[in-house]
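Notes follow the structure.
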Amino acid sequence: MPVVFKRTLQTAFYELQAPSWALTSVVKDVQSFWGLKLKSKNDLIHTGRDMARLNAAYELALQENAMLKHEVGALEQLFNLPPTEGYRYEVARVARRDINTWWHRLTLRKGRKHGIPKGAGVVFKGGVVGRVVEVYEYTSAVELISSPNFRIAGHLQNDLRPVTYQGLGSPVGQTGLGRVSQVPLDGVGHDDKKSQQLVTSRLGGIFPEGITIGYVAGLSCGTDGLFAQGEVVLDRGLSQLQEVAVLIPIESDHEA
Amino acid sequence: MKLKAQSLLPLLANVFLVWLIQLVNDGLSAFSLLLFVPALWMVFPVFYAHYKTGFLISVITGFWWDATEPTPFGTLAVWMGCVYVLMIHLKARYELKKPLHVQLLAQVMNVLLFLGYVCTLAFCTEFWVSSWVSLWLSWALSQLVLIGVLFWYVDLQKAIFLLLRCKPVNYR
């Protein structure tokens, strides 16, 4: 079959199905909205109070953040460094999950019309979700971090040397797993490297520094004898996501 | 090969069933399982439709499923076309008409399609099986669901035909 015909047919069939997933997702949202409407006023008051406390904490964090940004800017200017890449967060609802033994993907209810670029990083409150692999008119497909095809650069929280992370899938009914490799050998066997947080590195180019990937469950010497490798436990909420944020680089946003 | 108006009914029913299966798979995502029952989409075309239109319905449904999956486009469509031809041949040779025959043939079709799909994906380097337990549980679940849903789905398609007062070529 000619490639152009194949691609056109695939896109046409995909776009024809996309509204049905969006509709299902909207119906679920309406259902949860009416479920929440049934909650008592007392619950609302308690939630409002908790939210006010959280907001106060975030206000303080914002002030601190602004000060740190200013400091980073001053240092960049002083040392003549290239500016740190900025991101805009585009919040999107999850329309469909497709997680099985071969692939781990999500379909988002936002696409090209909303400025989602191919290859953009996706995050949620628990850390990295994955990467946008396909963009359609009103939807986009995200490859999850637990997918065996997903690979990014990262580093351990207290060690800035880069390591490689790759998804390993998820056993039946369990949380997703990944593998960290190319970890410098000097830390193997030390307790400080066990259960340590693995975070993103700016080297990959699609995620900002320091977003959680997962927790290293243990490290052992690799088969090459030069580096260590180990298993990474991912966030439990990955397979039940309702809403995510797509990281859109501000540069490409300006270009668009 | 032309698609007649009444041939669109099983195709639309298949489209509806694909959507239902996607909904179920969305729920099964938490367990890393996949409900894979392409034989359900082929039973009506094999047993109750003209062989040419039945073939087209099967292949189009395969493409419909393929469009949403990250596999090479046409993987399932090609397998459905091949299995359809085999089943038509078997049905004609052994005069398979009884409900038990329908159920048996549907189970065989699903096994063949599942194995074909697994083998094709095995050749694509980007789709390696991350959990064999998940793979075999998905297969067992699919066969069980097929047993439970097959006659409901065939009867639903028959009911749609009756409701619209039209009939497929080989309707019995």
TODO: Starting from one equal scatterer on each C-alpha and no solvent at all, send me the Debye-based log10 I(q)/I(0) for the stretch A:94-156 at q = 0.13, 0.18, 0.20, 0.24 Å⁻¹, two decimals.
DONE: -0.33, -0.61, -0.75, -1.02
TODO: Return an integer: the convex hull volume of the alpha-carbon atoms of the stretch B:12-68, in Å³ per residue.
DONE: 67
Open item on the list: Taking a cut-off of 26 Å, what percent of all Cα-Cα pairs in the stretch A:112-256 are separated by more than that?
Closed with: 26
Task: Convex hull (Cα only) mean projected area of the stretch B:55-146, reported in nm² to one decimal - done: 6.5
- [ ] In nm, give the distance between the simple-model label positions of A:Lys41 and A:Asn55, each being 7 Å from the Cα along the Cα-to-Cβ direction.
- [x] 2.0
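Counting helices only, and only those DSSP H runs with n ≥ 4, report the 222 nm mean residue ellipticity of chain A as the sum of -39,500 (n - 2.57) divided by its residues, in deg cm²/dmol to the nearest 500.
-11000 deg cm²/dmol
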TODO: Largest first and in whole Å, give the semi-axes of the stretch A:3-144's equivalent ellipsoid, each being the square root of 5 times a Cα gyration tensor eigenvalue.
DONE: 34, 29, 12
Task: Peptide A:10-16 - average C-beta neighbours from other chains (10 Å radius) - done: 4
- [ ] Over the alpha-carbon set of the protein assembly as shown, work out the extent along each principal axis and list the three values in angstrom, largest first.
- [x] 83, 59, 45
- [ ] Starting from the Cα gyration tensor of the stretch A:1-68, take the square roots of the eigenvalues, sort them a ≥ b ≥ c, and report rounded, prolate or oblate (rounded when a/c is under 1.5, otherwise prolate if a/b is larger than b/c, else oblate).
- [x] oblate
TODO: Find how many whole Å separate the alpha carbon centroid of the stretch A:108-178 from the alpha carbon centroid of the stretch B:22-96.
DONE: 31
- [ ] Given the options A:Ala153, A:Ala228, A:Ala57, state which has the largest fluctuation in a GNM of chain A using a 10 Å cut-off (strictly under) for Cα springs.
- [x] A:Ala57
Task: Under-29-angstrom lysine pairs by C-alpha in chain A, whenever the two are 8 or more apart or on separate chains - done: 21
- [ ] Determine how many Å³ per residue the convex hull of the Cα atoms of chain A encloses.
- [x] 199
Task: Loop trypsin sites (Lys or Arg not before Pro), the stretch A:15-46, which have at most 12 other Cβ atoms in a 10 Å radius of their Cβ (DSSP) - done: A:Lys39
TODO: List, largest first, the extents of the alpha carbons of chain B along their principal axes, each in whole Å.
DONE: 47, 31, 30
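Only the coordinates and a few stated rules stand behind these numbers; no lab work does. Since the model is a prediction, treat every value here as computed from it, not as a measurement. Glycine also receives a Cβ, built like all others from the backbone with ideal geometry; neighbour counts cover every protein chain displayed.
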